[in-house]
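Here's the structure we're looking at; comments come further down.
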Amino acid sequence: QRPMVDFGLFRRRTFLGSSIAMLGFAASAQVMLTYLPLYLQNAYGFGAAAAGLRMMPFALPLFLFPRIAAALAARMSGRVVLSLGLLVTAAGNALTAWLVREHAAYLAVALGMAVTGCGAGLLNGETAKVSMSVIPPERGGMASGIGATLRFTGLVTGITALGAVLVGQTRAQFAASISAIDTRLPPLHAMVSRLVAGDLS
């Protein structure tokens, strides 16, 4: 009886690298699909539908760039394509974070979102393709299951980590803002929790 997961697969450097790329893709790019619509609504006052429409600079490259990734894969190794995808995704996230910190207009932030989307598009299909290329066909189901687990783990880890940063930064800035106000307010942690949840009233 074969084990549910053959950890020996991770001894193959290409499979290990594609797994790391899949984890990084989920923890960085896919998590942004959760947080960016909330940011667009709260920072710019867009409604839910308008914020969804303004996610297009991020979403469109997810559909277009897998074709570019396939063309690149015909000319270079999967390792190079995945490294390029991670590099572009990291650059896009860094640019978006800097623009947000500078309180830039939406169109500027959309540029950072588009760069992140391009990197995510390079990674989206290529991570699974590269991992499948180095394992026996009979282990395909196992590799697919490992990939799905890594994506879910990356999403949960990324959302949790960025959520902790969000709460920490909100608490610090809110505490500084109300330091001169009457202290007969509800407990700080309760107010911060409501702020982070979007209850601005």
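The values are calculated or read from the model by the stated rules, or taken from the named source; none is laboratory data. Given the structure is predicted, the values throughout are model-derived calculations rather than measurements. Backbone-built Cβ (ideal geometry, glycine too); neighbour counts: all protein chains shown. With ligands, DNA and RNA removed, areas are computed over all heavy atoms of the protein, side chains included. Shrake-Rupley method; radii C 1.70, N 1.55, O 1.52, S 1.80 Å.
Since Leu87 meets every condition but one in (1) farther than 23 Å from Leu162 by Cα; (2) open to solvent by 40 Å² or more (accessible area, probe 1.4 Å); (3) assigned to a helix (DSSP H, G or I), which condition does it not meet?
(1)
Suppose we filter the range 25-58 for residues that are surrounded by fewer than 17 Cβ atoms within 10 Å (Cβ to Cβ) and in a helix (DSSP H, G or I); how many remain?
The qualifying residues number 14.
Of the residues Thr170, Thr149, only one is hydroxyl-bearing (Ser, Thr, Tyr), open to solvent by 60 Å² or more (accessible area, probe 1.4 Å) and more than 15 Å from the chain's Cα centre (by Cα); which?
Thr149
Being under 20 Å from Leu38 (Cβ atoms), touching a residue at least 60 places away in the same chain (Cβ under 8 Å) and of a type outside the set (Val, Ile, Thr) narrows it down to one of Ala90, Ala120, Ala105, Ala114, so name that one.
From the options Ala90, Ala120, Ala105, Ala114, the qualifying one is Ala120.
In the range 123-164, how many residues are assigned to a helix (DSSP H, G or I), among the β-branched types (Val, Ile, Thr) and either under 17 Å from Arg11 (Cα atoms) or in contact (Cβ under 8 Å) with a residue 40 or more places away in the chain (or both)?
Going through the range 123-164 one residue at a time, the tally reaches 6.
For the structure I just gave you, tell me whether Ala108 is in a helix (DSSP H, G or I) and at pLDDT 90 or above.
In short, yes.
Residue under question is Met22, and the condition is that it be of a type outside the set (D, E, K, R), more than 22 Å from Ala110 (Cβ to Cβ) and either modelled with pLDDT under 85 or in a helix (DSSP H, G or I) (or both); does it hold?
yes
Conditions first: (1) closer than 22 Å to Ala59 by Cβ; (2) exposed (fewer than 12 other Cβ atoms within 10 Å of the Cβ); (3) within 15 Å of the chain's Cα centre (by Cα). Cys118 passes all but one, so which condition is the exception?
(2)
Filtering the range 91-109 down to residues that are touching a helix residue (DSSP H, G or I) at 6+ places or on another chain (Cβ under 7 Å) and of a type in the set (Gly, Ala, Ser), which residue is surrounded by the most Cβ atoms within 10 Å (Cβ to Cβ)?
Ranking the qualifying residues of the range 91-109, first place goes to Gly92.
Based on this model, can you work out whether Arg79 counts as surrounded by 13 or more Cβ atoms within 10 Å (Cβ to Cβ), within 25 Å of Ala128 (Cα to Cα) and of a type in the set (D, E, K, R)?
So Arg79 fits the description; yes.
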